[in-house]
């Protein structure tokens, strides 16, 4: 075990680490790192760990098991990936046992990328929203995510003036100085066409539900809470809650007693095995567009993702689906 030259609490170490990262990463990356590491800090507090030097391989394994009880496997993978980089940094600062990060066993990333929703499920959710939550914030949010494949930060960044209902498109702008940066900066600025069915939902949302508010920078967001622009945590929570099967079908596919299941509570909705976050919806939407025969080059611009990354991380089609699409495109009987 390496000699410890300094002692820090988990909270102090995380704060120092994030401070060092801030100049070199986007706001969204910093936010995601902060959320994951704060979960680890909370775990340390529950375990009575007061010094980072106390952390060992069993703590890291217990944290993995702890998160697997709460969230999806893709979230576990993302949390542990962030934590491993942090532990390596802590090792370089002589704050933890040397080589500790290498003891971490992450889920198979190929398994985590399977998290998605099928088009039929998305249609079920949209049908439910049409009937029971029409033109609400949640309806507008899910419809936008499914039709555009946007990142959640992109949806949050849209102002009411960015939406052009007559021409049926939305302008995406990078505005880091007023708290709505895009993941890929100014290169991600673009105009994105919307389907007429989505525009109808957005038009009714604006007329019936949207609150006439400005954010702290004097801008008028398209999606709003009662008093402000929603934060990404709030938007994620809406999607976690909405994608529980018991919410949009009234039935549980996991044989749980809904009266006793904690995932039926809004604040714990992510604990439902079928609940998904916004990113799997992005991946599923891109796959659906590909299955409809749209080219990767056109989708690359629409979804703000290069073709190599799209093929590696977002194309969830099976080989059979690809073969069937080729048959249709070649007009083979």
Discussion item. Take the conditions without any contact (Cβ under 8 Å) to a residue 40 or more places away in the chain and either surrounded by fewer than 21 Cβ atoms within 10 Å (Cβ to Cβ) or not assigned by TED's automatic domain parsing to the domain that holds residue 71 (or both) and apply them to residue 248. Does it pass?
Written reply: no
Worksheet item: Taking the condition at pLDDT 95 or above, within 30 Å of residue 183 (Cα to Cα) and within 25 Å of the chain's Cα centre (by Cα), does residue 15 pass?
Response: yes
Worksheet, complete the sentence: Filtering region 134-181 down to residues that are farther than 23 Å from residue 298 by Cα, in a helix (DSSP H, G or I) and over 22 Å from the mean Cα position of the chain (by Cα) yields 160, 161, 177
Worksheet item: If you take the residues in region 46-62 that are touching a residue at least 24 places away in the same chain (Cβ under 8 Å) and assigned to a helix (DSSP H, G or I), which one is surrounded by the most Cβ atoms within 10 Å (Cβ to Cβ)?
Response: 52
Worksheet item: Just one of the numbered conditions (1) crowded, with 18+ Cβ neighbours inside 10 Å; (2) closer than 30 Å to residue 30 by Cβ is not true of residue 225; which one?
Response: (1)
Worksheet, complete the sentence: Going through region 288-298 in order, the residues found to be surrounded by fewer than 21 Cβ atoms within 10 Å (Cβ to Cβ) and touching a residue at least 24 places away in the same chain (Cβ under 8 Å) are 288, 289, 291, 293
Practice prompt. Inspect all residues belonging to region 251-263 and state whether any of them is buried (at least 17 other Cβ atoms within 10 Å of the Cβ), part of a loop (DSSP other than H, G, I, E, B) and over 20 Å from the mean Cα position of the chain (by Cα).
Written response: yes
Item to complete: Test residue 37 against the stated conditions and say whether it is within 20 Å of the chain's Cα centre (by Cα) and crowded, with 18+ Cβ neighbours inside 10 Å.
Response: yes
Practice prompt. May I ask you to list the residues in region 87-100 that are closer than 30 Å to residue 237 by Cβ and buried (at least 21 other Cβ atoms within 10 Å of the Cβ)?
Written response: 87
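The values are calculated or read from the model by the stated rules, or taken from the named source; none is laboratory data. This one's a predicted model, so the numbers in the text were calculated from it and none came from an experiment. Using ideal geometry, Cβ is built from the backbone for each residue, glycine included, and neighbour counts are taken over all protein chains shown.
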